[in-house]
Amino acid sequence: MSKKYVLLFSEGNAAMRELLGGKGANLAEMTNIGLPVPQGFTITTEACTQYYEDGRWINDDIMEQILRAVGRMEEINGKRFGDPNNPLLVSVRSGARASMPGMMDTILNLGMNDEVVATMIAGNPDPAFERFVYDSYRRFIQMFSDVVMEVGKKYFEQLIDRMKRIKGVTLDIELTAADLRELAEQFKAEYRARVGEDFPSDPTTQLVRAIKAVFRSWDNPRANIYRRDNDIPYSWGTAVNVMPMVFGNLNDNSGTGVAFTRDPATGNRKLMGEFLVNAQGEDVVAGVRTPMPISQMEELFPDAYYEFLQVCGKLERHYRDMQDMEFTVENGKLYMLQCRSGKRTAQAALQIACDLVDEGMRTREEAVAMIDPRNLDTLLHPQFDAAALHRATPIGRGLGASPGAACGQIVFTAEDAKRWAAEGRRVVLVRLETSPEDIEGMKAAEGILTVRGGMTSHAAVVARGMGECCVSGCGDIAMDEENKCFTLGGKTFREGDTISIDGTTGNIYEGEIPTVDASIDGTFGRIMKWADVYRKLRVRTNADTPADARKARELGAEGIGLCRTEHMFFEGDRIAAIREMICSDTPEARETALNKLLPMQQNDFEGLYEAMEGLPVTIRFLDPPLHEFLPTAEEDIAALAAALGKTVEQIHAIIAGLHEFNPMMGHRGCRLDVTYPEIARMQTRAVIRAAIRVQQRHPEWTITPEIMIPLVGEVRELKFVKRIVVQTAEAELAAAGVAMQYLVGTMIEIPRAALTADEIAQEAEFFSFGTNDLTQMTFGFSRDDAGKFLSSYYDNKIYEYDPFAKLDQKGVGKLVQMAAQLGRSARPGLHLGVCGEHGGDPSSVEFFHATGLDYVSCSPFRVPIARLAAAQAQIKNPRA
């Protein structure tokens, strides 16, 4: 027996979402519970997948099942498809298993042709009915032309506007039947001119082309972008729903509406929605006419309104969630066309989840599981005013690298950002790419926009840590740094011009869009408290400053999983000391320079220990290549030479000597400590001395320093550096007369380290997976440059998502699993964590939970996301 690719609504149910898509499953479920649903059928997501496998063709088996389903639909509804005397007109709608509002296509009134139109009118002499028929026909021609044949709707809108001007009217509903009949003829002529053939009159031809168009829309650009942004796999495909038309535009006793059982913006328990008399569904969402509040429907259609209220209650009780519904009233009779769990703001999601628990409809566990962790981002950062944003049009788009909204005057250097901000001006820092020396300017700016870089570029990582809005990798920008201007969207923007950027969507806007401050209420605390009860995975933070650490603690962090010590070297006189160390000619000179840094590093670490109040703090030793700390501008090079008593030529020679063709795989990480052991000694002293001081101030805490050696690929590297660390730490503890436990571990960020993790675990007391570099080295492309070509990989379905934003579980994930198993085989109870940016991605957190890691670490503002995702992972896949 062949696979069943087509099911009647009466043959499905809500549990068949993967096969029928969300819309099809819910239409089947509404049928099962006795709601008034026009009876049709669903073509499954598997048929869509087969369509693409067959080279974008509907094969004979699927086509035969579709035609059989049409026959059954005719029997159920007592009408005939293509019969002019008793025509069955249908809608054809998409319906993926995950809601993708507005991303795919719909065709209404399918089955109409000249003969059907003429027969329908002849059977009803009412002039209002004639107008309805021609209104439906012209809508169908326009929609079919646009969706199926890709003839832009603007051509038809122009014809409508011209007709209204000629007739001296403002609204479509003021056009007469004769006007609409003439429009239908004009539309067909436009179709013929654009397509090169007559508009198809055979309903079966119309249906087949429409089904193909809906399948095709699964792969349209807006759907592809939406899927990437919302973690929806391309392989899922979309279902197609074919159902008899009901007509809200039949007469003034008809209408159409959209409603929510609760307020999708606030979560308040009240019916929200809009309704239009004598209209089809597209009119409500298109904004062609101004709809009325749903409450006014009671005055015009009291019986239908009362029935609709009963349906709302029944659906919310059945699904135990806020429902988003589309409905039509035809001649006073209510028909339900769709229901789904409604899209909602993060604030509303928390409110609804708590209310459903309080109302006894959900358990706390279910409430935790029903909230999308990614949406919590919007609670923690400023956002654009919704109404103002709706009116704005983006001039470009990059990657939404750090959420929030920012607007300000354009500056092109970190120095200008600091200076302008000090003068009280709001600025957006625009750079080709940022570097560590830009840190103070990044802090001063409202937001950051870069031409290059991906989701784990320097700008993205630092901005997320600071909770600052960032859009990275906008390759459409033509930058002219020398003249302090750039071109985007056909316009040149200069220093001082105002732009607005959206770090969630990546959109860039000209001018200022008003923002609203983030707000967290009591429901956030309730949900987080419940989440913490369920989760097994601990959540730490990536923090380099006490301020970041305190913010992370406020948001529920249980320690620091990554302190990047290099970020501390770019402030004030620290950069001078690190440059002196780099330019030193002898170990003794390097020690002298490092001794200047020692008290600064110690003070930094004391601040972190204080902020964490005895919770774990993992400090990564110096990681980046040394050239990143040296100046590039000639005046800065000259100043450095003068400060160090060297010639400009000598400084140039040092810079040239540090040049590397591939610095991310060069002289960095533990390799610096092997070459310059004095760096490891200074950092160890700072860590241990800070721990001793804070422990003495707070005897009620237990300070256990965790020292992490980066970029280890060979156990002997780790053994060499660990020996330096242990010798130095023991000497410090002995000198202070203190007994203190400390741990020395490593980052697993080189594939070879994962492959030899059993050997490395003999020396390492903990592993922390640095998934940013591990992804980079596994894929073999730079995380800062990959954005230049990854879009082609997305378009050609080679990759479905950015592997730096969402963990590649097949490749990089396999290395993580292997290292975890090998490491614990050599050292049972080995503590395992992750400190790459994947630690704040919900799907990656689920993977780390299943792999058995002890904790994830992420930027402070992603801590709540990780806490909720970890709880959901435990609910879905419990572990001891």
Discussion item. Between 568, 581, which is at pLDDT below 95, open to solvent by less than 40 Å² (accessible area, probe 1.4 Å) and touching a Leu at 6+ places or on another chain (Cβ under 6 Å)?
Written reply: 581
Worksheet item: Residues that are more than 25 Å from residue 784 (Cβ to Cβ) and open to solvent by 10 Å² or more (accessible area, probe 1.4 Å): which helices (runs of 4 or more DSSP H) entirely in the range 633-733 hold 2 or more of them?
Response: 634-644, 648-658, 677-697
Practice prompt. Among residues belonging to the range 202-214 that are surrounded by 14 or more Cβ atoms within 10 Å (Cβ to Cβ) and not β-branched (Val, Ile, Thr), point out the one that is farthest from the chain's Cα centre (by Cα).
Written response: 203
Worksheet, complete the sentence: Scanning the range 736-784 for residues that are open to solvent by 20 Å² or more (accessible area, probe 1.4 Å), in a loop (DSSP other than H, G, I, E, B) and in contact (Cβ under 8 Å) with a residue 40 or more places away in the chain gives 738, 740, 742, 756, 762, 763, 765, 782, 783, 784
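Assigned to a helix (DSSP H, G or I) and within 25 Å of residue 250 (Cα to Cα): does that describe residue 199? Please lay out each step first, then the result.
Details: assigned to a helix (DSSP H, G or I): no; within 25 Å of residue 250 (Cα to Cα): yes.
Spelling it out, it is not the case that residue 199 is assigned to a helix (DSSP H, G or I) and within 25 Å of residue 250 (Cα to Cα).
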Practice prompt. Kindly provide the set of residues from the range 584-599 that are in a helix (DSSP H, G or I) and either free of Cβ contacts under 8 Å to residues at least 60 places away in the same chain or open to solvent by 40 Å² or more (accessible area, probe 1.4 Å) (or both), ordered by number.
Written response: 587, 588, 589, 591, 592, 593, 595, 596, 599
Worksheet item: Is the range 869-879 home to any residue that is surrounded by 21 or more Cβ atoms within 10 Å (Cβ to Cβ) and either at pLDDT below 95 or farther than 15 Å from residue 373 by Cα (or both)?
Response: no
Worksheet item: Considering the range 700-752 alone, what residues qualify as being farther than 22 Å from residue 679 by Cβ and among the aromatic types (Phe, Trp, Tyr)?
Response: 701
Worksheet item: Among all residue pairs at least 6 apart or on different chains, which show Cβ distances below 9 Å where the first residue, located in the range 141-162, is at negative phi and the second is at pLDDT below 90 and part of a loop (DSSP other than H, G, I, E, B)?
Response: 143/105; 145/152; 146/105; 146/152; 147/105; 148/105
Discussion item. Show the residue pairs meeting these rules: Cβ distance below 9 Å; 6+ apart or different chains; first residue within the range 713-733 and over 18 Å from residue 686 (Cβ atoms); second residue open to solvent by 60 Å² or more (accessible area, probe 1.4 Å) and not in a helix (DSSP H, G or I).
Written reply: 715/762; 719/762
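Going by what's in this entry, would residue 95 be described as open to solvent by less than 20 Å² (accessible area, probe 1.4 Å), touching a residue at least 12 places away in the same chain (Cβ under 8 Å), within 17 Å of residue 45 (Cα to Cα) and not aliphatic (A, V, I, L, M)? Give the steps one after another, and end with the answer.
Values: open to solvent by less than 20 Å² (accessible area, probe 1.4 Å): yes; touching a residue at least 12 places away in the same chain (Cβ under 8 Å): yes; within 17 Å of residue 45 (Cα to Cα): yes; not aliphatic (A, V, I, L, M): yes.
When the stated conditions are applied, residue 95 passes them.
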Response to the item:
Filtering the range 259-275 down to residues that are under 18 Å from residue 307 (Cβ atoms) and small (Gly, Ala, Ser) yields 259, 273
Discussion item. Which numbered condition in (1) within 24 Å of residue 582 (Cβ to Cβ); (2) among the β-branched types (Val, Ile, Thr); (3) in contact (Cβ under 8 Å) with a residue 24 or more places away in the chain is the only one that residue 703 fails?
Written reply: (1)
Worksheet, complete the sentence: Log entry, pairs with first residue in the range 264-277 being more than 10 Å from residue 347 (Cα to Cα), second being aliphatic (A, V, I, L, M) and in a loop (DSSP other than H, G, I, E, B), beta carbons closer than 8 Å, six or more apart or on different chains, reads none
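Which residues, taken from the range 7-43, are of a type in the set (A, V, I, L, M), in a strand (DSSP E or B) and either buried (at least 23 other Cβ atoms within 10 Å of the Cβ) or modelled with pLDDT under 95 (or both)? Before you say what the answer is, go through the steps one by one.
First pass over the range 7-43, keeping only residues of a type in the set (A, V, I, L, M): 7-8, 14-16, 19-20, 25, 27-28, 30, 33, 35, 37, 43.
Now narrow it down to the ones that are in a strand (DSSP E or B): 7-8, 43.
Answer for the range 7-43, where residues must be of a type in the set (A, V, I, L, M), in a strand (DSSP E or B) and either buried (at least 23 other Cβ atoms within 10 Å of the Cβ) or modelled with pLDDT under 95 (or both): just 43.
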Worksheet item: If you take just the strands (runs of 3 or more DSSP E) that sit entirely in the range 429-524, which of them hold at least 1 residues that are surrounded by fewer than 21 Cβ atoms within 10 Å (Cβ to Cβ)?
Response: 478-480, 485-488, 491-494, 498-502, 507-510
Worksheet item: Taking the range 235-245 only, how many residues are in contact with a Phe, Trp or Tyr (Cβ under 9 Å, 6 or more places away or on another chain) and open to solvent by 20 Å² or more (accessible area, probe 1.4 Å)?
Response: 1
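Does the range 156-167 hold any residues that are open to solvent by less than 60 Å² (accessible area, probe 1.4 Å) and either closer than 27 Å to residue 205 by Cα or under 36 Å from the mean Cα position of the chain (by Cα) (or both), and which are they? Please lay out each step first, then the result.
The initial filter retains those residues of the range 156-167 that are open to solvent by less than 60 Å² (accessible area, probe 1.4 Å), namely 156, 159-160, 163-164.
Listed by number, the residues that qualify are 156, 159, 160.
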Response to the item:
Considering residues that are under 30 Å from the mean Cα position of the chain (by Cα) and not acidic (Asp, Glu), the number found within the range 22-55 is 16
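Would a scan of the range 457-473 turn up a residue that is without any contact (Cβ under 8 Å) to a residue 12 or more places away in the chain and within 30 Å of residue 373 (Cβ to Cβ)? Give the derivation first.
Narrowing the range 457-473 to residues without any contact (Cβ under 8 Å) to a residue 12 or more places away in the chain: none.
For the range 457-473, residues without any contact (Cβ under 8 Å) to a residue 12 or more places away in the chain and within 30 Å of residue 373 (Cβ to Cβ): absent.
Determine whether residue 46 is farther than 23 Å from residue 139 by Cα, free of Cβ contacts under 8 Å to residues at least 60 places away in the same chain and part of a helix (DSSP H, G or I).
no
Given 425, 374, which one is of a type in the set (Lys, Arg), modelled with pLDDT under 90 and either open to solvent by 30 Å² or more (accessible area, probe 1.4 Å) or part of a helix (DSSP H, G or I) (or both)? Quick ask: steps written out before the conclusion?
Numbers: 425 fails: modelled with pLDDT under 90.
Unique residue meeting the criteria: 374.
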Practice prompt. Taking residue 823 as the residue in question, decide whether it is surrounded by fewer than 24 Cβ atoms within 10 Å (Cβ to Cβ) and either of a type in the set (Gly, Ala, Ser) or in a helix (DSSP H, G or I) (or both).
Written response: no
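Restricting to the range 49-81, give me the number of residues that are in a loop (DSSP other than H, G, I, E, B) and open to solvent by less than 30 Å² (accessible area, probe 1.4 Å). Walk me through it before giving the result.
As a first pass, look at the range 49-81 and keep what is in a loop (DSSP other than H, G, I, E, B): 54-59, 78-79, 81.
Remaining after also requiring open to solvent by less than 30 Å² (accessible area, probe 1.4 Å): 58.
Qualifying residue count, the range 49-81: 1.
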Worksheet item: Identify, please: which residue in the range 579-630 is touching a strand residue (DSSP E or B) at 6+ places or on another chain (Cβ under 8 Å) and among the charged types (D, E, K, R) and is, among those, farthest from residue 551 (Cα to Cα)?
Response: 623
Fill in: Residue selected from the range 826-868 under the condition open to solvent by 10 Å² or more (accessible area, probe 1.4 Å) and polar (S, T, N, Q), by the criterion nearest to residue 750 (Cα to Cα)
851
Worksheet item: When the residues of the range 399-415 are filtered to those that are outside any strand (DSSP E or B) and open to solvent by 10 Å² or more (accessible area, probe 1.4 Å), which remaining residue is farthest from residue 803 (Cα to Cα)?
Response: 415
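Conditions tested, residue by residue: (1) open to solvent by less than 10 Å² (accessible area, probe 1.4 Å); (2) more than 30 Å from residue 299 (Cα to Cα); (3) among the acidic types (Asp, Glu); (4) in contact with a strand residue (DSSP E or B) (Cβ under 6 Å, 6 or more places away or on another chain).
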| site | (1), (2), (3), (4) |
| --- | --- |
| 221 | no, yes, no, no |
| 255 | yes, no, no, yes |
| 264 | no, no, no, no |
| 270 | no, no, no, no |
| 278 | no, no, no, no |
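The values are calculated or read from the model by the stated rules, or taken from the named source; none is laboratory data. Note that this is a predicted model, so its numbers are computed, not measured. Don't worry about glycine lacking a Cβ; one is built from the backbone with ideal geometry, like all the others, and counts go over all protein chains shown. The protein model used for the area step is the full one, side chains on, heavy atoms only, and it has no ligands, DNA or RNA in it. Shrake-Rupley method; radii C 1.70, N 1.55, O 1.52, S 1.80 Å.
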